[in-house]
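I have placed the structure first, in the form of structure tokens, so that the comments after it can refer back to it.
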Amino acid sequence: MASLITAKAIMSHHHVLSSTRITTLCSDKAIDNQQRKTKLQISHRFFSRRTISAAVINSASPVPKKETVEDERRCHVAWTSVQQEKWEGELTVQGKIPTWLNGTYLRNGPGLWNIGDHDFRHLFDGYSTLVKLEFDDGRIFSGHRLLESNAYKAAKKHKKLCYREFSETPKPSRSNFKNPFSGVGEIVKLFSGESLTDNANTGVIRLGDGRVMCLTETQKGSILVDHDTLDTIGKFKYDDGLCDHMIHSAHPIVTETEMWTLIPDLVKPGYRVVRMEAGSNKREVVGRVKCRSGSWGPGWVHSFAVTENYVLIPEMPLRYSVRNLLRAEPTPLYKFEWCPNDGAFVHVMSKLTGEIVASVEVPAYVTFHFINAYEEDENGDGKATVIIADCCEHNADTRILDMLRLHTLRSSHGDDVLPDARIGRFRIPLDGSKYGKLETAVEAEKHGRAMDMCSINPLYLGLKYRYVYACGAKRPCNFPNALTKVDIVEKEVKIWHEHGIIPSEPFFVPRPGATHEDDGVVISIVSEENGGSYAILLDGSSFEEIARAKFPYGLPYGLHDVEPQLSPPSESDTITCTCLGAASGSLFPPIN
Ligand SMILES: CC1=C(/C=C/C(C)=C/C=C/C(C)=C/C=C/C=C(C)/C=C/C=O)C(C)(C)CCC1
Ligand SMILES: [Fe+2]
């Protein structure tokens, strides 16, 4: 590892370094003695200083004013593109990293929101940027790197958008402007997946066989990376005929032995539930569920949940819309439409047989991230009677999607504009009842009425659990600005916050040998108001700071860390934690 780390690099970031220090963009001047030996790895070609033109995204939105470079300077570093393609170096640690914490933490997210003079609209449009924290005997070696997706490479080459991103559509070429058949061509390109992006900016997983993959919601955006160098290895080639369906959940559920995911069917609205063995590239269809609502498209499935024996398939009233997928200009709900009158549902499929064992109507909901789910045996006879599934629920309010427009995020004036969210708890009876319940698990005021980007102790995946780590808020805010630990049994919340910060998804790493669910550390990367960034380690139990390590530059907000990937614990097993080695070592089964 040391040899890889020797190429430490420095960058000057115009948000980090004040004019009294280094003022040039992407300068190769040394920042301090330790970094003087470093080698710069910067690509100037692609990153330009520019005027930011904030675009109008829909008729319902007011016309945003044009931003200037000065505006961008003033905007939070969380919403500012990285200034170079890659960096690698050692961070100076304040505090003490636990000696058992060895291995690599990975985070994925959009980190570059402009090509030449064109600025993207939405947080989810940005090009995937991986960040790593390599914990080695109390030291942290870090780095970031843009993912070499075809979408990013083409944009870099042609200095323009070439694929359909979340809210952005490439402009038709001049020759196509007057071509009456170009619309048909666009439909073909969309349905063949050709025009869709492979910008895998959403999640990162480690498969049971050790391969590390970045993901977005297009299947072609499944890209293998080297977790050490952050090099892009190439496309993950699914060895099955299921790619025809183009889209899948961005959050598969991965264990040491298998991977589960959902593939929505846009033509015959429904979902395929698929399973892939560790070491294989072939997914098998375990079962299919038909949508219950009469709407044209299936509900959006960004994520879903599993228990020991079941897969939960959410059918949200926020539905894929083929019409909106095709539009050149984004609608208020981008590729989706809101159809609450057609009902909201949750389906439960047996992992073993693929049979649907429950399909219930529930109150309308909007969720992107399921937290966890488990089976409950209310009669005590060993037979599950109900499924509990928790998610970050946005009070059935779709405004959150539009709140994540870059213009809105960048023009924060201290107003309290973040719509409320809560931990939504589904109770799904397995007795054939028609209806399920959706309740608030913990009074939302306690976590600042913000709740998203969640994680749990990965050893409790699919099992009864007690603690949720997530981003919450200290109001007023326009984005979650605090880390929270929620005890969903005692209904208590701990908050960690510093003025002006935007923390990324907290990632819980259990301590080897732990006997309590919250015995471990929580890792997050924080973007600061002054343009800086640091990695933070909190104690999983007290939720107090253990250590932090400052980056020599500011990092933008990131979406997700590597997903949990542990075998469910059994009484006699010693479990090796494999969160990319984030906590290498042996863990004993947790005690409930
Ligand atoms: C929807 C289609 C696509 C893209 C989908 C993508 C990139 C979805 C990403 C969703 C994410 C990152 C959701 C995160 C939500 C976080 C929230 C709500 C945080 C709230 C904080 O308060 C394409 C792949 C472009 C193709 C067609 C369809
Ligand atoms: Fe996500």
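Projected label points at R475 and E492, each 7 Å from Cα along the beta carbon direction, are separated by 2.4 nanometres. Diagonalising the gyration tensor over the Cα atoms of segment 471-544 and scaling each eigenvalue by 5 before taking the square root yields semi-axes of 23, 15, 8 Å, largest first. Calculated on C-alpha atoms, the gyration radius of segment 292-429 divided by its Kirkwood radius gives an Rg/Rh of 1.04.
Contact order for segment 302-404, expressed relative to its length and based on alpha carbon pairs under 8 Å spaced 6+ residues apart, stands at 26 percent. For segment 378-446, the calculated P(r) over all alpha carbon pairs, in 5 Å bins from 0 to the bin holding the longest distance, is 3, 13, 17, 16, 15, 11, 8, 6, 5, 4, 2, 0 percent.
Taking a point 7 Å from the Cα of R466 along the Cα-to-Cβ direction, the residues of segment 346-372 with backbone N closer than 20 Å to it are 371-372. Close amide-amide hydrogen proximity is noted between T197 and R164, each under 5 Å apart and 5 or more residues distant or on a separate chain (H modeled in the peptide plane; Pro and chain starts excluded). Per residue, the average separation of C-alpha pairs within less than 8 Å and at least 6 apart gives segment 89-178 a relative contact order of 28 percent. Taking Cα centre as origin and charging only the Cβ of basic (Lys, Arg, +1) and acidic (Asp, Glu, -1) residues, the dipole magnitude of segment 366-442 rounds to 320 debye.
Label positions at R74 and H413, each projected 7 Å from the Cα along the C-beta direction, are separated by 0.9 nm. Taking the alpha carbon gyration tensor of segment 192-314, multiplying each eigenvalue by 5 and rooting it gives semi-axes of 24, 17, 12 Å, largest first.
Restriction of the trypsin sites (Lys or Arg not before Pro) in segment 248-289 to DSSP coil positions whose beta-carbon has at most 16 other beta-carbons within 10 angstrom yields K282. Counting only protein chain heavy atoms and rolling a 1.4 Å probe, the accessible areas of R323, R74 rank, largest first, as R74, R323. Each listed q (0.16, 0.19 Å⁻¹) maps to a log10 I(q)/I(0) for segment 406-551, found by the Debye formula over equal Cα scatterers with no solvent: -0.88, -1.14.
The values are calculated or read from the model by the stated rules, or taken from the named source; none is laboratory data. This structure is a prediction, so every number in the text was calculated from the model and none was measured. Neighbour counts are summed over all protein chains in view; Cβ atoms, including those assigned to glycine, are modelled from backbone coordinates with ideal geometry. Ligands, DNA and RNA are stripped out before the accessible areas are found, and what is left, the full protein with its side chains, is counted by its heavy atoms. Shrake-Rupley method; radii C 1.70, N 1.55, O 1.52, S 1.80 Å.
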